[in-house]
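What follows is calculated from the coordinates using simple rules that are stated; it is not laboratory data. Predicted, not measured: the structure shown is a model, and the values here were computed from it. Positions of Cβ are backbone-derived with ideal geometry, glycine not excepted, and every protein chain shown enters the neighbour counts.
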Amino acid sequence: MRFSASMLILCSFGLCSLATFAETPAAGVNVGPKPVITEPIDESRLVTLTGNTTAAVFEASNDRGPVADSLTFDHLLLTLKPAPETEARFERLIDEMHRQNSPEFHRWLTPQQVGERFGLAQQDRETIQRWLESHGFSINRVYQNGLVIDFAGTSAQIREAFHTEIHNLTLPNGEKHIANMRDPQIPAALAPAIEGVASLHDFYPKSHAIRMGHVTYDRATNQFQPHFKSRYTEKDQGQTYYAVAPYDFDTIYNVLPLWQQGFTGKGVTIAVIEDSNLAHTSDWYDFRSVFGLKGFKYGTFKQIYPGCKDPGQNGDEIEAALDVEWASASAPDANIVLSACGNAHGVSGLDLAILNLLDLEPPDILSDSYGLCETISGQTEVALENREAQIATALGTTFFIAEGDVGADQCVPVESTPYSSLGINSGDNTASAYAVDVGGTDFMAQYLGDAYNIPISEYWSAKNNPVTKASALSYIPEIPWNDGCTSELFYSDPVYGGYTQSYGPSGFCNTKYGRQFDYADGGSGGPSTCFTGVPSIPGVVSGTCKGNPKPSWQTGVPGIPNDGLRDQPDLALFASDGFWGSFLVECMSDPKQDGSPCNALNAANLEGGGGTSFAAPAMAGIQALIDQKYGKQGNANYVYYALAANQFNTQGAKACNASQTTGALPAASCVFNDVTAGDMDVPCGQNSKGKSYDCFGDGTDIIGELSTSTSAGEPAYPATVGYDLGTGLGSVNATMLFNAWPHN
C-alpha cells in the first residue's frame with residue numbers, strides 16, 4: 001500500500017483513523033534517513049561554519065602565535081546533521097515516547113536503532129569519511145547513532161582542511177589555551193550534512209563544585225569542626241555550622257520512608273561523567289561507612305573508561321569523589337559508575353565519556369556536573385551537548401545536569417573578574433531541552449534566627465547521630481543559594497546593617513564590609529541566550545544570538561516566563577557552601593590533590609563544600625528510587641512539570657510555600673517545595689576595558705547588580721510563587737514525588 005505525504009503528516013499529528021494509523025508509518029517506524037549530500041565536493045566552493053571562534057581570540061594581547069604543525073589532535077568530533085524532516089521525526093518520536101496514551105510510550109531505542117532511523121544517511125557518512133581521509137585524517141570511531149564521527153589529525157591538517165589556524169593563547173589571569181583563530185570552513189557540498197567540529201579550542205566545561213577545605217568529625221562531642229579559613233570573615237565569627245550528611249539530606253527531602261518500603265535504588269545504574277578518576281576507590285566505601293550507609297549491601301561502584309584511556313587525576317578529583325558519593329546518598333543500593341575520559345587537544349573528555357558510554361553501555365540515569373556558557377563554548381559545542389542529551393533521552397536515560405554556581409552569568413568562570421562583566425549568559429549544556437537542570441538552594445534556618453528570632457533548634461539538633469552523623473530534624477525552609485553582596489536577604493538582614501539596596505556608592509556592595517562579598521557564587525538559572533547565532537561582542541549575548549525555544553513540556557505552572565525560550569533550572573536542591581551556616585561533606589583522600597584520610601576510627605577527616613555539583617547527582621539518586629519501581633524514564637521533565645501544574649491547580653500557592661518567614665513548613669502533601677523568597681542575583685562591574693553589560697548601578701570601582709534592565713534595578717533573578725529562574729519548580733519531597741509518579 002502507498003501513502004501520500006499529506007496522509008503521513010496527518011497521521012503524525014494523530015488526525016487519522018485508527019485503521020489508517022496502524023498501516024501508516026508513524027514517528028518511530030524504521031524509515032531510513034534521507035541523503036542530504038547531493039553534489040560533488042568542490043574544494044574551491046567553501047561555506048563558513050559560523051559561531052565557532054571562542055571569545056578569547058578576539059583579544060590580540062592573548063595571542064602567542066601558531067602551534068606547531070605537528071601538534072596532534074587525538075580526538076576531534078565532527079557533529080553531523082540529518083535531513084530536516086528526519087530531525088523532525090526524531091523530535092516527534094521522543095515526544096511520543098513520553099505520552100502515556102501513545103503506542104510509542106517508553107519504547108526506548110538502541111544506539112544502532114537511533115543511527116538507522118535518525119542518523120545521517122549511510123552514504124553521506126561514507127562520503128564525509130572519504131573526505132576526511134583525503135586530507136590525511138584518521139577515523140577513530142563512527143558512532144552507532146550516526147550523528148558523530150571521532151577523527152584525529154594534526155594542526156597542519158586542520159589548517160589545510162578547515163582553513164583555520166590553531167594558536168597558543170595566554171589569558172590575563174595566566175591561563176594557557178589553544179584555539180582556532182577564525183571560524184572553520186568546509187566544502188559547500190558537505191554543509192547540509194555537517195554541523196561543525198566540536199571543538200577546535202580547549203576552553204572546556206568546568207566543575208560546578210566549590211571547595212571549602214577540611215572538616216573533622218569529633219566523636220567525643222558528636223559534632224563537625226570546620227578547619228578551613230572562610231572567606232566570609234566577620235560573617236563567620238561565632239557561627240555554628242551544620243554539615244549536611246546523607247541522612248540529613250534524606251530527612252530534609254523525605255527520602256527515608258521510601259527506604260523503609262524497600263526502594264533504595266537496587267538494580268538501577270547511575271553513571272556520573274568525569275574527566276578524572278579517583279586515585280582511591282576506597283573513598284566511596286569510606287563515605288558510606290562514615291555516614292551510616294554501609295548496611296546497604298546491593299550498591300556497587302566501578303570506574304570505567306569507555307573507548308578511551310584511563311585519564312588518572314587531573315585536578316578534578318574532588319568533583320569525581322562528590323559525584324559518585326552523592327549519587328549514592330539517596331540511592332544506597334544503586335550501581336554507581338564513574339565514566340571518565342581525559343581531555344584531548346580540542347575535545348573535552350566529558351564529551352568523549354558521554355558519547356562512548358551511550359554508544360557502548362547506556363545507563364538508566366546520567367549525571368553531569370560540569371559546564372560553561374553558550375557564548376564561550378561556541379555553536380557546535382552547544383549543539384553537540386544538546387545532541388548528547390537527545391540521544392540519551394531516546395535510549396531512555398534520564399540526563400541530570402548541574403545548573404551552575406555563578407548566578408545568571410555563566411561566563412564568570414572564564415572572566416578575569418570574580419563578578420559578572422559579560423552580562424546575562426546561559427549555560428551551554430543546561431540549555432538543552434533533553435536534560436533535567438538542577439539548581440541550588442540554601443537553608444533559611446540562620447536567616448530566620450537573625451531576622452525573626454526563630455531558634456535554629458527548630459530544625460537542627462545540637463548533636464549529631466553517632467552512626468549517621470545526621471542532625472537535621474525535619475524539612476528546613478529554603479531560599480536560593482546566594483553568597484554575594486547583592487543578595488537582598490543578606491544586605492537587608494539587620495545583623496549585617498539592614499541596607500535597602502546593594503548597588504550604588506551608598507549600597508551594601510560598596511561598603512568596606514560588603515566588598516568582601518563582591519563575587520558571583522550561588523545557584524544559576526535564566527533563559528537560553530545564545531544557543532545559535534554569533535555574538536557581535538565576544539562573550540556577550542548580542543549579534544545574531546538566539547536562545548533554544550521553549551520545549552513543549554515546560555508549561556502549565558505559574559511563573560514560567562512567556563519568553564518562548566528554554567528556561568532554567570527545572571528543580572533545585574541544597575547546594576550552599578556555608579553562607580547561611582550549612583555545607584555539604586564528602587570523602588577524598590588523595591594527598592596529591594590536598595585530600596585527607598576519610599575513616600570511621602577516631603575522627604573522620606572530610607572535605608566541606610557546596611555547588612550544584614552536589615545537587616545534580618543527589619537528584620539522580622532520588623530518580624533512581626522511581627526507576628527501581630517503574631524502569632527507565634527518559635526525560636523526567638515531562639512528568640515533573642505535569643505534577644507541578646497539578647499541585648498548583650489542586651493545592652494553590654500557599655500550601656507548598658517553602659520560604660515562609662514564620663518558619664512554617666510546606667504541607668506534607670506537596671511534591672515540590674516552592675521557594676518564594678530571596679534571589680540569586682550576583683554582583684557585576686566593569687571589565688578591563690571599562691565595559692559592563694546587564695549591570696545596574698555600577699561605575700568605576702563601583703559594584704552594581706546583575707539586572708534584566710540597565711535603567712532600573714531588576715535583579716536576575718528572584719524567587720517567586722510557582723516556577724522561577726532562581727530555583728525552577730523548587731525542591732522535592734521525594735516520597736510524595738514517588739507516590740505521585742504516573743503508573744506505566
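Of the residues Leu358, Leu322, the one with the fewest other Cβ atoms within 10 Å heads the list, and the complete ranking is Leu358, Leu322.
Once C-alpha pairs closer than 8 Å and six or more residues apart are averaged by separation and normalised to the residue number of the range 621-713, the relative contact order reads 16 percent. Quick one: if the Förster radius is 30 Å, what FRET efficiency do Gln260 and Ser457 give, using the C-beta to C-beta distance and rounding to 0.05? Using R0 = 30 Å, I get an efficiency of 0.70. Our Cα-only numbers for the range 5-203 put the radius of gyration and Dmax at 20.8, 68 Å.
Projecting the Cα atoms of Ala121, Val495, Phe443 onto the charge dipole of the chain (Cβ charges, centred on the Cα centre) puts Ala121 farthest toward the positive pole. Annotation: amide H of Asp594 has no partner in the under-5 Å range at sequence separation 5 or more or interchain, hydrogens built in the peptide plane. Partners of Lys469 within straight-line reach, counting lysines whose Cα lies under 16 Å from its Cα and excluding those fewer than 8 residues away in the same chain: Lys294. The sum of -39500 (n - 2.57) across all DSSP H runs of n ≥ 4, divided by the residue count of the chain, sets its helix-only mean residue ellipticity at 222 nm to -7000 deg cm²/dmol.
Set against the 2.2 N^0.38 Å expectation for a compact globular protein, the chain has a Cα radius of gyration ratio of 0.93. For the chain, the dipole from Cβ point charges (+1 on Lys and Arg, -1 on Asp and Glu) about the Cα centre works out to 1220 debye, to the nearest 20.
Looking at the chain alone, DSSP beta bridges between its own residues are antiparallel in about 65 percent of cases. So which aspartates and glutamates pass the test for Lys266, namely a Cα distance under 19 Å, with those fewer than 8 places away in the same chain ruled out? Excluding near neighbours in sequence, the set is Asp250, Asp323, Glu325, Asp333, Glu361, Asp364, Asp627. Only Cα pairs under 8 Å and 6+ residues apart enter the sum, and on that basis the relative contact order of the chain stands at 16 percent.
Of the residues Thr661, Tyr419, Phe90, the one whose Cα sits farthest toward the positive end of the charge dipole of the chain, with +1 on the Cβ of Lys and Arg and -1 on the Cβ of Asp and Glu, is Phe90. Projecting the Cα atoms of Gly610, Ala712, Val732 onto the charge dipole of the chain (Cβ charges, centred on the Cα centre) puts Val732 farthest toward the positive pole. Stokes-Einstein diffusion for the range 445-547, with the hydrodynamic radius set to the Kirkwood value over Cα pairs and evaluated at 37 °C in a medium of 0.692 mPa s, equals 192 µm²/s. Electrostatic bookkeeping for Phe696 treats Lys and Arg as +1 and Asp and Glu as -1; over the other residues with beta carbon under 9 Å from its beta carbon, the sum is -4. In a reduced charge model with +1 at each Lys and Arg Cβ and -1 at each Asp and Glu Cβ, the range 334-394 shows a dipole moment near 60 debye about its Cα centre. Sorting Ile139, Ile166 from the fewest to the most surrounding beta carbons within 10 angstrom yields Ile139, Ile166.
Cβ crowding within 10 Å, taken as a proxy for footprinting-reagent exposure, orders Thr380, Thr240, Thr727 from fewest neighbours to most as Thr240, Thr380, Thr727. Quick check on my link table: of Lys206/Lys546; Lys297/Lys629; Lys176/Lys592; Lys550/Lys654; Lys629/Lys654; Lys592/Lys689, which ones sit more than 29 Å apart, alpha carbon to alpha carbon? Those over the limit are Lys629/Lys654; Lys592/Lys689. What you get for the range 5-203, charging only the Cβ of Lys and Arg (+1) and of Asp and Glu (-1), is a dipole of about 340 debye around the Cα centre.
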